[in-house]
Amino acid sequence: MRTYEYHGFTIEVTVETDFTLRPAGRAAVRTRYTAVVHVYQAGNAVATFSPLRFDAAGGRRFDTEADALMAGYSAARRIVDDLFAHAADAADSALNAIKSSKELR
C-alpha cells in the first residue's frame with residue numbers, strides 16, 4: 001500500500017494481483033495487477049466514497065505493480081481535482097464576495 005497527501009486529501013493506493021492460468025505449452029501463470037484507490041479527506045477516518053478499482057485501457061489489467069500504483073495515484077489526483085476543486089473555487093468566490101461587501105460598507 002502507498003499513501004499520498006494531495007490538496008488536503010489522503011490517497012491510499014493498493015494493488016490486487018490476478019494470476020491467470022495460460023493454455024498448455026506456454027508459461028503457466030501470467031501475473032496482472034489492478035489498482036484499488038481510497039480517497040479520504042484530511043483528518044477523516046472514513047473514505048470520501050467507495051473504493052475505486054482501476055485497470056489499464058480496454059479492461060486489461062496492468063503488467064506491473066508499479067504501473068498499477070502510479071495509474072491509481074494519477075487517477076485519484078484527477079478525481080480530487082475534478083470533483084473537489086469546483087467546491088474550493090465556489091468557497092473562494094463566496095469569501096471574496098463577503099470581503100468585497102464589507103469593504104463597500
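What net charge do the residues around Tyr73 carry, taking every other residue with its C-beta under 13 Å from that of Tyr73, with Lys and Arg at +1 and Asp and Glu at -1? Working shown, then result.
Details: positive: Arg2, Arg77, Arg78; negative: Glu5, Glu12, Glu65, Asp67, Asp81.
Charge balance in the 13 Å sphere: -2.
Can you list residues from other chains, or at least 5 along the same chain, whose modelled amide H is less than 5 Å from the amide H of Arg61?
Ala56
Could you work out how much longer the chain between Gln41 and Phe19 gets when fully extended? Use 0.36 nm per residue separation minus the Cα distance between them, nm to one decimal.
Values: separation 22, 0.36 × 22 = 7.92 nm, distance 3.34 nm.
Computed gain between Gln41 and Phe19 is 4.6 nm.
Label points 7 Å out from Cα along the Cβ direction at Thr31 and Met70: separation in nm?
About 1.8 nm separates the two model spin labels.
The numbers here are math on the coordinates, done by the rules we state, and not lab data. Here the structure is a predicted model, which is why all the values come from computation and not from measurement. Neighbour counts run over all protein chains shown; Cβ positions are idealised from the backbone, glycine included.
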